[in-house]
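Below is one structure; the comments refer to it alone.
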Amino acid sequence: MTRTIIAPSILSADFSRLGEEIEAIDRAGADWIHLDVMDGHFVPNITFGAPVIKAVRGRSKKVFDCHLMIEPADPYFAAFADAGCDIITVHAEATKHLDRSLQAIRDLGKKAGVSLNPATPESVIEYVLDRLDLVLLMTVNPGFGGQAFIGPVVDKVARVKAMVGARPIDIEIDGGVTPETAPLVAAAGANVLVAGSAVFRGGNEQAYADNIAAIRRASDGAMRSAA
Ligand code: DX5
Ligand code: ZN
């Protein structure tokens, strides 16, 4: 059985204790650490950049999954690679030359991801499938944690799953993931789930472990029944 990869978003962590929060979600069962980088231009919010990621890199050995919500993105790939990100995901809407951006990420020795906003059709990835390690489908409009899941994106998950076929490309979902919504996207073909508020609610390590386990149980069950 394939196990769902759970990637807590530190956007919902206590930023005054970021290092400890990353250690806590690591021990609580996170598979990847999801890092939401926002610039106040591509999205209406500002978070953190490569220096902060570099400062906390040593707190966990898990995969650092970097979601760039910045425009332009290409001039900063090297800084995020140097900071220790393992996967670098660029928004299709934030680059004019998606093929070139994905090549640039791989040239840095990192896994290349592309993210699509809820309104962006999956056809934009049709000609770059061979350059992709991951597709990140937004189930909220990017910029903030704690928003409601946008249901129609579930159909897009199924379409991307069909496009990807047997290629080793992860399908990741980001936004409004809870034990209630996780089975919908897992059944449609997603294998990586980002969750911010649904993981960090409760504010302590035991709560994080319980929250991660609840999402995993819900999604693994749906993956099994979909197979
Ligand atoms: C939104 C971010 C998400 C966000 C998800 O722009 O990309 O990663 O943290 O938060 P929740 O899980 O609370 O919707
Ligand atoms: Zn994200």
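The values are calculated or read from the model by the stated rules, or taken from the named source; none is laboratory data. Everything numeric here is computed off the predicted structure, so don't read it as measured data. A quick note on method: Cβ atoms are made from the backbone with ideal geometry, for glycine too, and the neighbour counts reach across all protein chains shown. The area values use the complete protein model at the heavy-atom level, side chains included, leaving out ligands, DNA and RNA. Shrake-Rupley method; radii C 1.70, N 1.55, O 1.52, S 1.80 Å.
A simple packing score, the average count of other Cβ atoms within 10 Å per residue, orders the peptides 43-55, 126-138, 158-170 as 126-138, 43-55, 158-170, with the highest score first. Summarising the amide proton neighbourhood of LEU35: residues at separation of 5 or more, or on other chains, whose placed amide H is nearer than 5 Å comprise ASP65, CYS66, HIS67.
Since only PRO118, PHE48, ALA24 are under comparison, the one whose Cα sits farthest along the positive direction of the charge dipole of region 1-127, derived from C-beta charges on Lys, Arg, Asp and Glu, is ALA24. Rounded to the nearest Hz, the phi-derived 3J(HN,Hα) couplings of region 171-186 under the Karplus curve 6.51 cos²θ - 1.76 cosθ + 1.60 (θ = phi - 60°) are 10, 10, 10, 9, x, x, 6, 9, x, 7, 8, 3, x, 5, 7, 5, where x marks glycine and proline. Dipole check for the chain: with +1 at the C-beta of Lys and Arg, -1 at the C-beta of Asp and Glu, and the Cα centre as origin, the magnitude is about 420 Debye.
Overall, region 128-216 carries a charge dipole of about 220 debye about its Cα centre when +1 sits on the Cβ of Lys and Arg and -1 on the Cβ of Asp and Glu, all other atoms neutral.
Sorted largest first by accessible area at a 1.4 angstrom probe radius, with every protein chain in place, the residues ILE25, ILE150 fall in the order ILE150, ILE25. Distances between placed amide hydrogens fall under 5 Å for LEU136 paired with VAL114, SER115, LEU116, GLU172, all partners being 5 or more residues away or on another chain. Over region 112-154, Cα pairs under 8 Å with separation of 6+ residues give a relative contact order of 44 percent.
Listed cross-link partners LYS111/LYS161; LYS62/LYS111; LYS62/LYS156 are compared with a 22 Å cut-off, the Cα-Cα value being larger for LYS62/LYS156.
Taking θ as phi - 60° and the Karplus parameters 6.51, -1.76 and 1.60, the scalar couplings of region 16-21 work out to 6, 10, 4, x, 5, 5 Hz in sequence order, x denoting glycine and proline. Heavy-atom accessible surface of LYS111, to the nearest 10 Å², is about 110 Å², with a 1.4 Å probe and all protein chains retained.
Over the Cα atoms of the chain, the radius of gyration divided by the Kirkwood radius equals 0.93; this is the Rg/Rh ratio. A simple count of charges around ASN117, restricted to other residues whose Cβ falls under 11 Å of its Cβ and scoring Lys, Arg +1 and Asp, Glu -1, yields -1.
3J(HN,Hα) along region 112-124, derived from phi through the Karplus expression 6.51 cos²θ - 1.76 cosθ + 1.60 where θ = phi - 60°, amounts to 9, x, 10, 10, 10, 4, x, 8, 8, x, 5, 4, 5 Hz, with x in place of Gly and Pro. For the chain, give me the percentage of DSSP beta bridges that are antiparallel, rounded to the nearest 5 percent. Bridges in the chain that DSSP calls antiparallel: roughly 5 percent.
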